[in-house]
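Okay, so here's the structure we're looking at.
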Amino acid sequence: MRLQHLQGRARKGYATFGGVWEKGEVTSLDFNLQDDKGNVIPVQSRVMAWWPDKSIKWSAHTADAELMTDEVTLSYGSQRADFEAGEINLHQAKIGANVVKNAIHIEKAEDCYQIATGKLTLELPKGESDFLARKLMRNGNEIASKVYPVFVWETREESGYSKRIENEEFQGKITSVELEEQGPLQAVICFKGNHIPKQPDMPRMPFVIRMYLWADSDELRFQHTFLYDGKEERDYLKGMGIRFDMSLSEKNYDRHIQFGTDKQHFHEAAVMLASNSPKLAPEIFKKQLAGEFAEYDADSLVEQVVPDIPLWNDYSICQDSAYHYVIRKRTQEGCCDLTCLEGTHGQGTMAIHSKCGGLLLGIRDFWQKYPSGLEVRGLGEAKTTATIWFYSPQAQGFDFRHYSKKSYPRTCYEGFDYVGATAYGIGVTS
């Protein structure tokens, strides 16, 4: 089977593609992937569907896109008939003449899974826990101490134009962990759990999250599915996302934040090294925004001025409609938010970094699936958190109620004389 590279798409990272096979044609996962010169490309394969005779009907394959040419050939390399449906090991890698550099290594510890991709190391829970990952390290530097789901729940009581609104944030609890794939090229971990309420009559808002890791890669991909189990007349969605507790270097003026926008990009530091009295050389500020980390002595003018420069701790971008985003910042809780930039389509990317490294976070279909957002809190403090908001708390809470308490079957083709619609059980994947 021949596959071609799609026009206009970057050849970067790992790609997953499918194969379709005739009944009885393929009986094992012994596949070969070759480029247009006949070079063998490492590929990891898994079964997606079977024919009644236990031969493979659909298969899925993962390979490094940077090794693939404009056209590649996927072929079946064996005629073994001893492959049974339901076998535990449903994936393998066909290495051929090449060797997988820094293949994924998963080790079971007493209370966690330890995973190494060659560039990243992290720990995953084996069962019930309050985190998706912890001790996320790159090249020996800890980037995030903990990664976990968060949810903001809103309750309302309405009377005329009067409303009483309460918002409460919950951290998710993982109830089960499954290693769906643990091959040398790709690992997929499925987490299931709930957002734990503080009162027994509150909804649990279950979720399913899949985490993807790849060999010799420092990329993590999350697929987040939210399910609604509340009462429409009371329970509103105010925010849901994934949060990273970050580890940044000591100096707050070396901590940077960047957002991708439709106006190139937005870039600031927690402390901007610009001062008029006493006067700092303009070159210091230019080097700071260029990403240069300079060493300043304790008695230098920079260190003397820093306590008198505002410390900007909280930054956020919210795509509140298909035609508008806004970037805001503030110094601390209890103070106002300042609007930094507005535009049409945010790119949905945020970079937080210091001398020891950092995180580049992104949301797919950012402006198309509004209201979405990205946020950092405590940028200049000892505790820094970065949150990917699939539903931004800056937006109005999502209302799950039906549009009417009456049905209109004769004029609106609703089918029944009573309102039977309910939001219970609906979901969305990000």
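The values are calculated or read from the model by the stated rules, or taken from the named source; none is laboratory data. Computed from a predicted structure; not experimentally measured. Here the Cβ is made from the backbone with ideal geometry for all residues, glycine too, and neighbour counts use every protein chain on show.
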Return the pair list, or none, for Cβ contacts closer than 8 Å from residues in the stretch 370-383 that are at positive phi to residues that are part of a strand (DSSP E or B) and surrounded by 18 or more Cβ atoms within 10 Å (Cβ to Cβ), at least 6 apart or on different chains. GLY378/ASP314; GLY378/THR384; GLY378/THR385
Which residues, taken from the stretch 314-346, are without any contact (Cβ under 8 Å) to a residue 12 or more places away in the chain and either of a type in the set (S, T, N, Q) or part of a strand (DSSP E or B) (or both)? LEU338
Residues in the stretch 347-372 that are assigned to a loop (DSSP other than H, G, I, E, B) and touching a strand residue (DSSP E or B) at 6+ places or on another chain (Cβ under 6 Å): how many? 8
When the residues of the stretch 5-25 are narrowed to those that are of a type in the set (Gly, Ala, Ser) and over 15 Å from MET48 (Cβ atoms), which ends up surrounded by the fewest Cβ atoms within 10 Å (Cβ to Cβ)? GLY8
Out of the residues in the stretch 181-195 meeting the condition of being at pLDDT below 90 and under 21 Å from the mean Cα position of the chain (by Cα), tell me which one is surrounded by the fewest Cβ atoms within 10 Å (Cβ to Cβ). GLN182
Quick one: is PHE151 at pLDDT 85 or above, of a type in the set (Phe, Trp, Tyr) and surrounded by 13 or more Cβ atoms within 10 Å (Cβ to Cβ)? yes
Taking the stretch 18-38 and the residues there that are in contact (Cβ under 8 Å) with a residue 40 or more places away in the chain and not hydrophobic (A, V, I, L, M, F, W, C), the one that is nearest to GLU66 (Cα to Cα) would be GLN34
In the stretch 50-59, anything polar (S, T, N, Q) and part of a loop (DSSP other than H, G, I, E, B) is listed as SER55
For the stretch 103-177, please list each of the strands (runs of 3 or more DSSP E) lying entirely inside it that holds at least 3 residues being within 20 Å of PHE244 (Cα to Cα). 112-116, 120-125, 133-138, 141-159
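Yes/no matrix, rows are residues, columns are (1) modelled with pLDDT under 90; (2) on the phi < 0 side of the Ramachandran plot:
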residue: ALA93; (1), (2): yes, yes
residue: GLY96; (1), (2): yes, no
residue: ALA103; (1), (2): yes, yes
residue: LEU122; (1), (2): no, yes
residue: ALA144; (1), (2): no, yes
residue: VAL147; (1), (2): no, yes
residue: ARG156; (1), (2): yes, yes
Near pairs, Cβ below 7 angstrom, 6+ apart or cross-chain, from the stretch 218-232 (among the basic types (Lys, Arg)) to any residue that is surrounded by 15 or more Cβ atoms within 10 Å (Cβ to Cβ): ARG221/TYR212
Which residues, counting only those in the stretch 49-63, are among the aliphatic types (A, V, I, L, M) and more than 16 Å from ALA15 (Cβ to Cβ)? ALA49, ILE56
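Quick grid of which residues meet (1) in contact with a Gly (Cβ under 9 Å, 6 or more places away or on another chain); (2) at pLDDT 90 or above:
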residue: PHE17; (1), (2): no, yes
residue: ASP35; (1), (2): no, no
residue: MET48; (1), (2): yes, yes
residue: PRO52; (1), (2): no, yes
residue: TRP58; (1), (2): yes, yes
residue: ALA63; (1), (2): no, yes
residue: THR69; (1), (2): no, no
Return yes when SER275 is free of Cβ contacts under 8 Å to residues at least 40 places away in the same chain, in contact with a helix residue (DSSP H, G or I) (Cβ under 8 Å, 6 or more places away or on another chain) and in the same structural domain as THR344 (by TED's automatic domain parsing) and no when it is not. yes
Name the single residue, out of those in the stretch 373-392 being crowded, with 23+ Cβ neighbours inside 10 Å and not in a strand (DSSP E or B), that is modelled with the lowest pLDDT. LEU379
Any residue at all in the stretch 241-264 that is part of a strand (DSSP E or B), buried (at least 19 other Cβ atoms within 10 Å of the Cβ), at pLDDT 85 or above and in contact with a Lys or Arg (Cβ under 6 Å, 6 or more places away or on another chain)? no
